[in-house]
1. Per DSSP helix of 4 or more residues, -39500 (n - 2.57); summed, then divided by the residues of the protein assembly as shown. What does that give at 222 nm, rounded to the nearest 500?
2. Based on Cβ point charges of +1 for Lys and Arg and -1 for Asp and Glu, what charge dipole magnitude is obtained for the stretch A:60-164 about its Cα centre, in debye rounded to the nearest 20?
3. Fewest Cβ neighbours within 10 Å first, please rank C:H80, C:H104, C:H91, A:H63 accordingly.
4. Report, please, the projected area of the stretch C:4-160 averaged over directions, based on the convex hull of its C-alpha atoms, in nm².
5. How about B:K137: which aspartates and glutamates have a C-alpha closer than 12 Å to its C-alpha, ignoring those fewer than 8 places off in the same chain?
6. Work through the residues other than C:T61 whose Cβ is under 15 Å from its Cβ and net out their charges, Lys, Arg +1 and Asp, Glu -1.
7. Determine the dipole magnitude for the protein assembly as shown: charges of +1 sit on the beta-carbon of Lys and Arg, -1 on that of Asp and Glu, nothing else is charged, the reference point is the Cα centre, and the result goes in debye to the nearest 20.
8. Taking springs between alpha-carbon atoms closer than 10 angstrom, which of C:K137, C:K21, C:K115 fluctuates most in the Gaussian network model of chain C?
Amino acid sequence: MTDSTELVGRLVERVQLLEDKLDIMQIISAYGPAVDSGSAEAVAGLWTEDGVYDVDTGSMTGHSEIEAMVHSRNHQSYIHGGCAHLVGPPHIVLDGDTAVATCHSQLVMHDGESKTNRVARITANRWEFARIDGQWKVTVRTNRLLDGRAEAREILAAGVTAQP
Amino acid sequence: MTDSTELVGRLVERVQLLEDKLDIMQIISAYGPAVDSGSAEAVAGLWTEDGVYDVDTGSMTGHSEIEAMVHSRNHQSYIHGGCAHLVGPPHIVLDGDTAVATCHSQLVMHDGESKTNRVARITANRWEFARIDGQWKVTVRTNRLLDGRAEAREILAAGVTAQP
Amino acid sequence: MTDSTELVGRLVERVQLLEDKLDIMQIISAYGPAVDSGSAEAVAGLWTEDGVYDVDTGSMTGHSEIEAMVHSRNHQSYIHGGCAHLVGPPHIVLDGDTAVATCHSQLVMHDGESKTNRVARITANRWEFARIDGQWKVTVRTNRLLDGRAEAREILAAGVTAQP
């Protein structure tokens, strides 16, 4: 019996790790659809109550600041003109009840006059997660433009060279 | 024994859910390679026999109409000029034997004369799935251009705000 | 007991397959962050010692040649100007201790003068994997430009029409 119990116990752990990874992928894949549809609460709800969204253009802390960004005149003009926040498949490093996911994102914007689209931003993304009451939430997301600045490369390097 | 049997039974359910999600990801990740290589049967085979592919430029129903789109003069000129239908990581909401996946897609086209590429379309995607004889198939895929139209934003919002 | 033992044995196999797929996704999602940050060892380490990276502009064999590409004047000028190697969600076909993953990639480059980004390349990707000492590694990655050449379409077709 011990062998079997141990085997099942090990399986439970392996399944938990797989679920953790898919849960984190599921949160990251919600961001683009939520932000491009102006679903402010759905965007903010990906973060913890006091979570940080640190963008090169400024940093937001907590749900109300993140929601305010979605409701802002700037963001509303983007989504009413047509835009796509495309977030790439994340590289995920789990460490118990925390995790770091690293990926790229692109902001593609539609120009209604010329009927063309342009890649307005390419960005390095670092997503830090914590498991809170059994649910994964973003604690800090850091975005830096890939325009040659070292900070963006450092974000990408950290995600693929440090393993727990 | 009961405890162990229950534990294993619960594990079976959890593994099934993980498999369902990966199966759905696997179908969506087949679309781009299939359509950009003109693999008409592989494209159509992602859908049920009477599945619907509802694009803003028109709606197709059933394998023969989807295959006809791939064989069309238009699509053939795209793929022989060079193009990439890039479909983003999906946000998946499972509900037993049905599922909805929401994501963005991009159509990037090569221009042979200028040797440049342009993002011809950015699109909101809603994929509806059903499990048919144990296999996941697309029942309806709805694509709407992210050019400012409300319909595209509604597709994205529906995918991340409604949980079963 | 036999029933339960068989059930657990079958579960172990199913969990192993799920882990294999996520491990392969994890390798592919490391490429972009590694190459765009100039993390030469992390890039090369995705391949086997004698792994091949076959690009339309030339083929590299083994870690030292792959690292040399990352250290090259060309690549360094790309990443110091700002660039994003965006690798799409892969379609994975497992076959025991080998696997093939098929996807698209994009190279988006920043132009510091005009402050714009352009899609410099759209590419068909075939990744071949082997499990070596319990760890998945890339044995051959083949990239071909989606500029109309038949070879690129053949890579994409092979990945979605041949199932083991």
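1. Values: 15 runs with 213 residues, N = 492.
Using -39500 (n - 2.57) per qualifying helix, the result is -14000 deg cm²/dmol.
2. Working: 11 positive and 11 negative charges, 56 e Å.
Approximately 260 debye in magnitude.
3. On the way: C:H80 14, C:H104 26, C:H91 22, A:H63 19.
In order of increasing Cβ crowding within 10 Å: C:H80, A:H63, C:H91, C:H104.
4. Numbers: hull surface 42.0 nm².
One quarter of the hull surface, i.e. the mean projection, equals 10.5 nm².
5. Counting by Cα, and skipping residues close in sequence, B:K137 has these aspartates and glutamates nearby: B:D20, B:D23, B:E49, B:D50, B:D97, B:E128.
6. Working: positive: C:K137, C:R141; negative: C:E49, C:D50, C:D54, C:E65, C:E67, C:E128.
Counting the neighbours of C:T61, the net charge comes to -4.
7. Values: 42 positive and 69 negative charges, 327 e Å.
Once rounded to the nearest 20, the dipole reads 1560 debye.
8. Of C:K137, C:K21, C:K115, the most mobile in the Gaussian network model is C:K115.
A short reminder: the numbers here are calculations on the coordinates, not readings from a lab. For clarity, every value in this text was computed on a predicted model and none was experimentally measured. We place every Cβ from the backbone using ideal geometry, glycine too, and count neighbours over all the protein chains shown.
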